[in-house]
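Read the structure below first, then the notes.
The values are calculated or read from the model by the stated rules, or taken from the named source; none is laboratory data. In this text, all values refer to a predicted model and were calculated from it rather than measured experimentally. When we count neighbours, we look across all protein chains shown, and the Cβ atoms used for this are built from the backbone with ideal geometry, even at glycine. Just so you know, the surface numbers come from the protein's heavy atoms only, side chains and all, with ligands and any DNA or RNA stripped out. Shrake-Rupley method; radii C 1.70, N 1.55, O 1.52, S 1.80 Å.
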Amino acid sequence: MTKFEVTTLSEYILNKQMTIPQSRGGFSHLLHHVSTAARMVNREVNKAGLVDILGEAGNTNVQGEDQKKLDVFANDHFIDAIRGCGEVCAIASEENESFIFFDDEKGRNGKYVFLMDPLDGSSNIDVNVSIGTIFSIYRRVTPVGEKASMEDFLQPGTAQLAAGYILYGSSTMLVYTTGNGVNGFTLDPSIGEFCLSHRHIQTPEDGRIYSINEGNYKKFPKGVKKYIKYCQERDDATQRPYTSRYIGSLVADFHRNLLKGGIFIYPETETAPLGKLRLLYECNPIAFLAEQAGGRASNGEKRIMEIQPTSLHQRVPFYTGSKNMVAMIEDYLTDF
Ligand code: AHG
Ligand code: MN
Ligand code: MN
Ligand code: MN
């Protein structure tokens, strides 16, 4: 590859599609629409503060959270972009109580279902801290041409065809997997294209970063408290104490740990026995990426992706990142 040669996301998707015999290109077409919506949201995120896109939207979502204007903006733009591609029959979003079925000719014949957290880290929007979008794609299990049903969405994470996130940070990145490794693309605003910048991401087996909201310390399970103390003890042989880093945006915390090594923890607490993060459109897609990059993702007892979902917005405790760190905290949770 010469110094100036770039591989754009469009080229990358096309090259990949050409390696799949008799591929109709529907999946590639869908990914292209995801990247278009990502660029539109990125444009608003970058102008936030100059246009009327900050602050509360004035209503609460199904989660009981105050919706931000950018939550609604991102949700609307991703729904329109995914509807427009004609490959998806229905979409589920953090911001919508039930799934949306695209009940027109194009929608009914869509082979896929799309799940998303349109704007992750909403509490950070108004203070100019990195936020993201998370998505997950499955093949529908109901017959093409019929109305989608909940069973199309309640599939275990192991059935995902693709998962990824967009990180609206110091640069805007799209990171995704289709089950053959994880690749990262950085948006070059001068040409408006996502360009391959992080080929075949592999996360370190060990790390020195732990990410958890220690404000909830008193409510954590004993094993989590013991693990936090383990991270804080002085031990030169294992390069402890580790470093605590917590942004409050899952995508940003996960992405940093993916590249540097580390563990992200959102555990169950006395007041939230299933934790906070949602299985279908936060934990499963992040888990797919973690495992494809050589890491792990667990609910403290089992692989996140093996959990059989029972409802769209169900929450699970979430431990993910470097595989040796996740394995260790699983032992702590068992032993204490
Ligand atoms: P969302 O903004 O999509 O509702 O998700 C926020 C999540 C996640 O991004 C982050 O890791 C976590 O909430 C932070 O929660 P706390 O503020 O309770 O630590
Ligand atoms: Mn989120
Ligand atoms: Mn969200
Ligand atoms: Mn939210």
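Highest mean first, what order results for 46-53, 187-194 on Cβ atoms within 10 Å?
Values: 46-53: 12.1, 187-194: 14.9.
In decreasing order of mean packing, 46-53, 187-194 become 187-194, 46-53.
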Rough spin-label spacing in nm, given labels placed 7 Å along Cα→Cβ, for Lys260 and Asn128: 2.1
Straight-distance crosslink candidates among aspartates and glutamates, where the alpha carbon sits under 13 Å from Lys147 and sequence neighbours closer than 8 are dropped: Asp103, Asp104, Glu105
Volume in Å³ per residue [convex hull over Cα atoms, computed for region 174-254]: 152
21 Å tail of the calculated P(r), region 137-286, as % of Cα pairs: 58
Two-decimal Rg to Rh for the chain - Kirkwood Rh, Cα set: 0.96
Environment charge at Pro241 (Cβ cut-off 9 Å; Lys +1, Arg +1, Asp -1, Glu -1): +1
Proximal lysines to Lys16, defined as alpha-carbon separation beneath 28 angstrom and excluding residues fewer than eight positions away on the same chain: Lys3, Lys106, Lys111, Lys260
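In the structure shown, do any of Lys218/Lys276; Lys47/Lys276; Lys225/Lys323; Lys226/Lys302 have a Cα-Cα gap over 22 Å, and if so which? Can you show the working numbers first?
Details: Lys218/Lys276 16 Å; Lys47/Lys276 30 Å; Lys225/Lys323 19 Å; Lys226/Lys302 20 Å.
Violating the 22 Å limit, Cα to Cα: Lys47/Lys276.
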GluC sites (Glu not before Pro) lying in DSSP loop within region 49-139, provided at most 12 other Cβ fall within 10 Å: Glu97
Directionally averaged projected area (convex hull, Cα atoms, region 209-336), nm²: 7.5
Per-residue SASA entry for Ile100, accessible area with 1.4 Å probe, Å² rounded to 10: 40
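Under 8 Å for C-alpha pairs, at least 6 residues apart: give me the relative contact order for region 1-126, rounded to a whole percent.
Details: 153 pairs, mean separation 25.9, N = 126.
RCO, region 1-126: 21 percent.
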Volume per residue of the C-alpha convex hull in region 1-134, rounded to whole Å³: 126
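Which chymotrypsin sites (Phe, Trp or Tyr not before Pro) from region 1-96 combine a DSSP loop assignment with at most 11 other Cβ atoms within 10 Å?
Details: sites: Phe4, Tyr12, Phe27, Phe73, Phe78; in loops: Phe4.
Counting only loop positions with at most 11 other Cβ atoms within 10 Å, the chymotrypsin sites (Phe, Trp or Tyr not before Pro) in region 1-96 are Phe4.
Would you kindly state how much longer the chain becomes between Asn180 and Val144 on full extension, computed as 0.36 nm times their sequence separation minus their alpha carbon distance, in nm to one decimal? Don't skip to the end; give the middle numbers.
On the way: separation 36, 0.36 × 36 = 12.96 nm, distance 2.62 nm.
Between Asn180 and Val144, full extension yields 10.3 nm more.
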Inter-label distance for Gln239 and Ser98, nm, one decimal - labels placed 7 Å from Cα along Cα-to-Cβ: 5.1
Cα centroid separation, region 280-336 to region 88-146 (Å): 21
Length added when fully stretched, Ser10-Asn109, from 0.36 nm per residue minus Cα-Cα: 33.3 nm
Hydrodynamic radius of region 122-215 per Kirkwood, over alpha carbon pairs, in Å: 16.3
